[in-house]
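The values are calculated or read from the model by the stated rules, or taken from the named source; none is laboratory data. Note that the coordinates shown come from a computational prediction; the quantities given were computed from them, not determined experimentally. Every residue, glycine as well, gets a Cβ built from its backbone with ideal geometry; the counts of neighbours run over all protein chains shown.
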Amino acid sequence: MLKDIGKFQLTSFESIGYAKDNFYPNFRETYFVEATGQSPRTLGRAQLQLQLANTSPLFRFGKYASVGMRAQLLTAAYTSADMIALGRIGPTLNLNLLNSRLQTSLGYTLSHSIGKSPFVFDSYYGGAQNVSMNNLIRVNKYLSIGNSGSFSLNRDNAKKALAVGNMMYMMVGPQDLKATIGYDFINARSYFGFNYFPGNKNTVVNFDKMQIVQPTNFTQPNAGSGF
């Protein structure tokens, strides 16, 4: 987190390392982007991402809907001397229906990019105009089922496809810790992860300072780094 600006927050993410592409010539027709070579490549990559997004609603319609805005910038440089820059901006809409049992989030973005990634997996194919949607319905306190999709309105990808993502997933576990399992039927990708929600919606925690204690110095609360 870099800076709070009114109702917005500026955050960043940086990474550097090596990666190998997932391009295979026999599957060329299944990709949303054109491959730059005839075999997978292994290259170094340095990446910077910035996001400016609202931390509280810009507009609220009772307890049922809220409107926000986000802007994103991604830049990446590769050891092949390639570079790419991608900018996206657009509004967001969050819906809270059926007494919080159904939650829906929508996002519309206008995008512009320069350069081209040498990787198939690392290339942007959401399109100049993209709509993203996520729906999550709570079956009970232990199980929720969701669907997330991404749509390229201009169909400006190698397959001229409207839908560029469609994942079904479920969240299983107690209220504070959920295991998420999903599968994207369009991109043929599986997903697994954990979501941690400290406290339930009725929990209120008031504090003035949080102290993080180093595990090796747990007997001396002031010996560790705190903030």
Notebook entry, point to check: Across the range 193-212, which residue is modelled with the lowest pLDDT among those that are touching a Ser or Thr at 6+ places or on another chain (Cβ under 9 Å) and either loosely packed, with under 10 Cβ neighbours inside 10 Å or of a type in the set (A, V, I, L, M) (or both)?
Noted result: Lys201
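Could you look through the range 13-32, keep only residues that are surrounded by fewer than 12 Cβ atoms within 10 Å (Cβ to Cβ) and part of a strand (DSSP E or B), and pick out the one that is modelled with the lowest pLDDT?
Among them, the one singled out is Lys20.
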Check: Within the range 140-155, can you find the residues that are modelled with pLDDT under 95 and of a type in the set (D, E, K, R)?
Finding: Lys141
Notebook entry, point to check: Considering the range 40-55 alone, what residues qualify as being in contact (Cβ under 8 Å) with a residue 24 or more places away in the chain, under 30 Å from Phe27 (Cα atoms) and outside any strand (DSSP E or B)?
Noted result: Arg41
Checklist line | Residues within the range 72-83 that are under 11 Å from Leu48 (Cβ atoms) and crowded, with 17+ Cβ neighbours inside 10 Å, tallied | finding: 3
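Yes or no, residue by residue, for (1) touching a Leu at 6+ places or on another chain (Cβ under 7 Å); (2) closer than 29 Å to Gly37 by Cβ; (3) not acidic (Asp, Glu):
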residue	(1), (2), (3)
Met83	no, yes, yes
Leu95	no, no, yes
Gln103	yes, no, yes
Tyr108	no, no, yes
Gly115	no, yes, yes
Phe121	no, yes, yes
Val131	yes, no, yes
Notebook entry, point to check: Within the range 9-39, which residues are touching a Leu at 6+ places or on another chain (Cβ under 9 Å) and touching a residue at least 60 places away in the same chain (Cβ under 8 Å)?
Noted result: Ala19, Asp21
Checklist line | Complete set of residues in the range 113-151 that are among the aliphatic types (A, V, I, L, M) and in contact with a strand residue (DSSP E or B) (Cβ under 8 Å, 6 or more places away or on another chain) | finding: Ile114, Ala128, Val131, Met133, Leu136, Ile137, Val139, Leu143, Ile145
Next item on the list: Among the numbered conditions (1) surrounded by 11 or more Cβ atoms within 10 Å (Cβ to Cβ); (2) over 21 Å from the mean Cα position of the chain (by Cα), tell me where Ala46 comes up short.
Entry: (2)
Next item on the list: Being farther than 13 Å from Lys7 by Cβ, β-branched (Val, Ile, Thr), in contact with a Ser or Thr (Cβ under 9 Å, 6 or more places away or on another chain) and modelled with pLDDT of 95 or more is the filter here, so list the residues in the range 36-91 that pass it.
Entry: Ile84, Ile89
